[in-house]
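Input: a single structure, listed below in structure tokens.
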Amino acid sequence: MQAIKGTHHSSIHERDLFWSKEAELVHWETPFEQVLDFSNPPFAKWFVGGQTNLCFNAIDRWLESQADEPALIWVSTEVEQEKIYTRRQIYQEVNAVAAMLAAQGIRQGDRVLIYMPMVPEAVFAMLACARLGAIHSVVFGGFASVNLAQRIDDASPKVIICADAGSRGGKVTPYKPLMDKAISLSTRPPEKVIVVDRGLFPFEPVPGRDLDYATLRKQFDGVEVPVTWLESSAPSYVLYTSGTTGKPKGVQRDTGGYAVALASSMQRIFNGQPGETYLCTSDIGWVVGHSYIVYGPLIAGQTTILYEGTPVRPDAGILWSLVERFKVNTMFSAPTAIRVLKKQDPALLKKYDLSSLRALYMAGEPLDEPTAQWIADGLGKPIIDNYWQTETGWPILAAQPGIEHVQTKFGSPSFPVYGFDVRVLNEQTGEDLGPDEKGVVAIVPPLPPGAMTTIWGDDARFVDTYFSSIPGRKVYSTFDWGLVDKEGYWFILGRTDDVINVAGHRLGTREIEESINSHPAVAESAVVGVADQLKGQVAMGFAVLRDSAAYADPAAAMKLEGDIMKRVDEQLGPVARPARVRFVTALPKTRSGKVLRRAIVAVCEGRDPGDLTTIEDPSALEQIKDSL
Ligand code: ATP
Ligand code: MG
């Protein structure tokens, strides 16, 4: 822990020196004049005056040493296709796409919205925007027209690139009709729509507006487009948060700071080297996909795997088979994916040769101890929980094996990552809290390189939303609730909005969920606080069982409910005991796999759940309603 502490300390207290060294990991066409301009807090400008380009760092820079090595491996278990692109081939594809965008009048600063499934063209489109200095906004494929229209209105893209359709679990989701509807709902429609026709869903192109990707691709074959060198703080992209708590925010990211943060994290957090292979199972529509499917691995000279498919098709061994076949060194997934596997045959975890794999990283939601233990035992590999947000762009809390090997503790994302001056504060007074005291997790600005620079088009909302919620402190609130234990390990206990107040005791939803999940029959659970006349609030639990058939009998289910309650009683005390634990076969989640507690609370309190456009499976919410 000594080295981590030392690195963290120098990143905060010798900030400029620290980051000027990290900045050597990327190519600067023009060197920067100043490491940080923080003259207008909380707005931070990193590497002022320096000129660079994300696409150049991801592709061009590696052509000399690894032009003919695989750089992008696409595997689709949805359409049964695979394709390997070398760095030179990506270079050619990206140049052609950059040329087709330029021909539509796309210039530096213009927005291009990308609404695509996990196909290589999506990655080429992102990199092509970066090459031109255009600002991409990737919207998760399959979001409904309303979500899409909101984002089109906010980003006002000149061009949209979309596909005819995506596929999930073998079921085709048409994208093009959703896009057409979204554009008709939008008040700021694009001039052109470039469609990647995968032949999955027939559509009628809109004359004068729609263009065919493959036709343009041929037309611009072999054309090279010079890199547009961008001042470090020029925006690279806008990405909307997952929308778990309400209206999504357009997170704006810079160019130079992001390049440095990713290059640095690929070494110090992911402990990797150029030439290695990286598998991240997120989606390009989320921040994890932006940072660790597309930009991070490519900037670090690694091979990235783009996987279109679910973790259970053709069977629950698919991810591990990819690790074996492509000799994956680093893998990144989400607790929600692992909980899906928990309901499947554990023998599949042992079936493949995983000797190339160093560690499995996980982020997105609290990784409960039982799930962490289950996957660690199954794989025999270190599990590295890391905590971050769309806003921060890269991990805030994580073990950092590229700095030092740390003994991880299940349930904890370990320690603050260098660059993040992160604290646990009393929500009411803003005071720093001591060991084991629960409070809001906050970051003392400046936010480090790679973090959001503002909310797209709304500087005031950036300041009001993030820097104005903790009295007396102009700090960034994560709106997560947490604590640091006596040994310095951090724990995220849930969102501040979800903290349950039972007769004056404040409990994070995560604490109770952790306890419920420790019951061997449970695969996952969600706990919410529901208004109660006597106690103010009571906890309600909803659990998905590993084998629900075994508890189909009402008496067995009732006994199990009693057992689980007793367990919570013993582990956390009677105040934490849920009033009820109900069994369901699925929890309502966002499309990024986060439990929609806000909607569950509304249903439990008999209110309208409100905006449900980000929900993955509305029937899961119906089940909650029926179970009450
Ligand atoms: P919105 O901000 O629109 O409501 P969101 O917060 O779900 O949506 P993301 O930026 O995708 O959008 O998610 C970040 C949040 O996910 C964190 O603030 C935290 O609540 C949760 N989270 C991410 N990683 C972890 C982790 N390792 N442990 C605990 N919680 C995590
Ligand atoms: Mg959030």
Size of charge dipole - segment 351-430 - debye, nearest 20, with Cβ of Lys, Arg +1 and Asp, Glu -1, no other charges: 260 debye
For segment 62-167, go through all pairs of different Cα atoms, get the mean of 1/r, take its inverse, and jot down that Kirkwood value in Å. 14.7 Å
Long-range amide H partners of GLU524 with built H, under 5 Å: VAL544
Send over the per residue convex hull volume for segment 231-358, Cα only, as a whole number of Å³. 114 Å³
Given the pairs LYS171/LYS350; LYS83/LYS181; LYS438/LYS535; LYS83/LYS327, which are separated by over 27 angstrom at their Cα positions? LYS171/LYS350; LYS83/LYS181
Compute and list, largest first, the equivalent-ellipsoid semi-axes of segment 324-390 from the alpha carbon gyration tensor, each √(5λ) rounded to a whole angstrom. 19, 15, 10
Using a Förster distance of 25 angstrom, determine the FRET efficiency expected from the C-beta separation of ASP68 and SER356, and round it to 0.05. 0.75
Volume of the Cα convex hull of segment 3-53, divided per residue and given in Å³: 93 Å³
So, in Å, what gap is there between the alpha-carbon centers of segment 352-392 and segment 60-105? 29 Å
Projected onto the charge dipole of the chain (+1 at Lys/Arg Cβ, -1 at Asp/Glu Cβ, origin at the Cα centre), which of LEU298, PRO157, SER20 gives the Cα projection farthest towards the positive end? PRO157
Per-selection Kirkwood Rh - segment 504-627 (Cα, Å, 1 d.p.): 14.7 Å
If amide H atoms are modeled at 1.01 Å from N in the peptide plane, then the residues at a separation of 5 or more from MET362, or on another chain, having amide H under 5 Å from its own are SER333, ILE384, ASP385, ASN386
Based on the alpha-carbon gyration tensor of segment 175-254, what equivalent-ellipsoid semi-axes (square roots of 5 times the eigenvalues) come out, in whole Å, largest first? 26, 24, 12
³J(HN,Hα), Karplus 6.51/-1.76/1.60, whole Hz, each residue of segment 178-194, x for Gly, Pro: 5, 5, 4, 5, 4, 5, 5, 7, 7, 8, 10, x, x, 6, 9, 10, 9
Please list, in order along segment 403-418, the HN-Hα scalar couplings obtained from phi with the Karplus expression 6.51 cos²θ - 1.76 cosθ + 1.60 (θ = phi - 60°), rounded to whole Hz, x for Gly and Pro. 9, 6, 6, 10, 6, 7, 10, 4, x, 10, x, 6, 10, x, 7, 3
Enumerate the amide H contacts of ILE114 below 5 Å, restricted to partners 5 or more residues apart or on another chain; note that Pro and chain-start residues carry no placed amide H. SER137, VAL138, VAL139, ILE161
Bin width 10 Å, alpha-carbon pairs only: give the P(r) of the chain as whole percents, running from 0 to the bin holding the largest distance. 3, 16, 28, 28, 18, 6, 1, 0
Beta bridges by DSSP in segment 504-627, antiparallel share as percent, to the nearest 5: 70 percent
Under Karplus coefficients 6.51, -1.76 and 1.60, residue-wise ³J(HN,Hα) of segment 554-564 in Hz, glycine/proline x: x, 5, 5, 5, 5, 5, 4, 4, x, 4, 5
Tell me the label-point distance for the pair ARG546, GLN34, using the 7 Å Cα-to-Cβ offset, in nm and rounded to one decimal. 5.8 nm
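Each reported figure results from applying straightforward, stated rules to the coordinates on display, with no laboratory input. Computed from a prediction, not measured in an experiment: that's the story for all the values here. When we count neighbours, we look across all protein chains shown, and the Cβ atoms used for this are built from the backbone with ideal geometry, even at glycine.
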